[in-house]
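Have a look at the structure below before the remarks.
The values are calculated or read from the model by the stated rules, or taken from the named source; none is laboratory data. Please read all numbers here as calculations on a predicted model, not as lab measurements. For neighbour counting, all protein chains shown are included, and Cβ atoms are generated from backbone atoms with ideal geometry for every residue, glycine included. Keep in mind that these areas ignore ligands, DNA and RNA; they rest on the heavy atoms of the full protein, side chains included. Shrake-Rupley method; radii C 1.70, N 1.55, O 1.52, S 1.80 Å.
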Amino acid sequence: MSHPTITLEAARQIIDAGQEKARDLGLNAVFAILDAGANLVAFERMDGAWLASNDLALAKSRTSIMFEAPSETLNAPLQLGEPVPHFDHTNGGLLLMGGGAPIVDDSGRLIGALGVSGGTPEQDAEIARTAIG
């Protein structure tokens with residue numbers, strides 16, 4: 001199956017914007033960008049970023065691709081009568097906290113996702129939103 005792709009140039013611009021926002025917040029962060037097929041396109045770690053943030057950034061990006069939604073929105077309480085989602089916690093699992101954001105093209109098609117880790121879930125989500133634009 002062929003997926004729409006995110007270019008390396010676009011990934012670089014997203015990471016640059018994210019790093020600028022992270023610096024503004026006084027943070028060191030990790031950035032992981034996956035394409036729509038969950039293949040790693042770009043990964044960058046700012047100096048001094050917590051090593052465990054590597055896995056967190058990848059999990060947030062993977063979660064946003066699977067659900068085509070910001071990762072923090074998936075942690076909302078379930079509604080009565082709604083189906084219970086299945087979350088796979090194997091092979092790294094999913095991470096339902098702020099910092100994962102889907103990347104869409106001009107036509108609204110999912111082309112990838114960004115995962116950010118380095119601050120609080122709220123800070124990571126703010127960085128991701130800023131980076132995506």
Of everything in the stretch 17-58, what is outside any loop (DSSP other than H, G, I, E, B) and open to solvent by 70 Å² or more (accessible area, probe 1.4 Å)? Give them in sequence order. Glu20, Arg23, Asp24, Leu40, Phe43, Arg45, Asp55
Go through the stretch 1-15 residue by residue and tally those that are in contact (Cβ under 8 Å) with a residue 24 or more places away in the chain and open to solvent by 40 Å² or more (accessible area, probe 1.4 Å). 5
Mind checking which pairs have a first residue in the stretch 16-34 that is within 15 Å of Asp47 (Cβ to Cβ) and at pLDDT 95 or above and a second that is assigned to a strand (DSSP E or B) and among the small types (Gly, Ala, Ser), Cβ under 7 Å, 6 or more apart or different chains? Ala29/Ser117; Val30/Ser117
Do you know which residues across the stretch 82-107 are open to solvent by less than 50 Å² (accessible area, probe 1.4 Å) and at pLDDT 90 or above? Gly99, Gly100, Ala101, Pro102, Ile103, Asp105
So Asp124 fits all but one of (1) at pLDDT below 90; (2) in a helix (DSSP H, G or I); (3) within 22 Å of Asp16 (Cβ to Cβ); (4) not small (Gly, Ala, Ser); what number is the exception? (1)
